[in-house]
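Q: Okay, handing you the structure first.
Derivation of every value follows stated rules applied to the coordinates shown; laboratory data play no part. Source: prediction; values computed, not measured. As a convention, Cβ positions derive from the backbone with ideal geometry for all residues, glycine included, and neighbour counts pool all protein chains shown.
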Amino acid sequence: MAPVRGREWVEKGSSMIRAFVFIEAEPSRVPELIGELSGMKLASSVIREVYGTTGRWDLVALVESPDLGSLGD
């Protein structure tokens, strides 16, 4: 596992921002969404991992982006 420096995740010499995104979804679609979202490439970001949860949020996604500005794209 690469070292964590503040909000940045350092991996193989490149700095990446990693964020957990909490998602509310139709409960019947959770298994389908886990497969659809995992690995999805966005404008400048990538959804690295997706997990189903219980409670207020139905999914938690780990998103990796080159900077904070790109994270919202």
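Q: May I ask you to order 61-68, 26-33, 41-48 by the average number of other C-beta atoms within 10 Å around their residues, highest value first?
A: 61-68, 41-48, 26-33
Q: Continuing with the same structure: Which ³J(HN,Hα) values, rounded to whole Hz and listed in residue order, are derived for segment 40-50 from phi using the Karplus coefficients 6.51, -1.76 and 1.60 in 6.51 cos²θ - 1.76 cosθ + 1.60 with θ = phi - 60°, glycine and proline given as x?
A: 5, 9, 9, 3, 10, 10, 9, 7, 7, 9, 9
Q: Tally Lys/Arg at +1 and Asp/Glu at -1 over every other residue whose Cβ is under 14 Å from the Cβ of ILE34; what's the total?
A: -3
Q: Something else now. Pull up all non-local amide H partners of GLU49: gap of 5 or more, or a different chain, and H-to-H distance under 5 Å with H placed in the peptide plane.
A: Sorted by chain and number, the residues that satisfy this are GLY39, LEU62.
Q: Which residues does a label at ARG18 reach in segment 47-73, if reach means a backbone N under 12 Å from a point 7 Å past the Cα toward the Cβ?
A: Inside the label zone: 48-49, 62-65.
Q: Shifting gears a bit: Under the Karplus relation 6.51 cos²θ - 1.76 cosθ + 1.60, θ = phi - 60°, what is the ordered set of whole-Hz ³J(HN,Hα) values for segment 64-69, x standing for Gly and Pro?
A: For segment 64-69, the Karplus curve yields 10, 9, x, 7, 4, x Hz.
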